[in-house]
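Right, one structure below, let's go through it.
Bear in mind these aren't lab numbers, they're just calculated from the coordinates by the rules spelled out. The structure displayed is predicted, hence computed values, not measured ones. So basically every Cβ, Gly included, is an ideal-geometry build from the backbone, and we count neighbours across all protein chains shown.
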Amino acid sequence: MLDTLNQQSYPTKNWQFDTELVPLQIENGTIVNSHKALIRTDTEEVLAVHGNGYHIISHDDVVNSTYDALKQADISSDYELKLLIMTMVESLR
């Protein structure tokens, strides 16, 4: 049913960006060994703070997996797919 949805029509630049886990440093310069900061490498924006057990999953993988699951579900095509990219600051508001 989603055959009419053209995945290529969405601006992939919005969710295709590189990230990196870096040591978490607080204002006084202390390194927090139990956590890491997830940053965008192009802007150095902190996206989230995670424990050491966290592994990076790219936004591209998440978006494409969700798209593929919707396509495989063969549900009605009478909806609009919207992608919302939120930063850590926006999610706290």
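Taking 41 Å as R0, compute the FRET efficiency from the Cβ-Cβ separation of LYS71 and GLU27 and round it to 0.05.
0.35
Please compute the length gained on full extension between HIS35 and PHE17, using 0.36 nm multiplied by the number of residues separating them and subtracting their Cα-Cα distance.
4.3 nm
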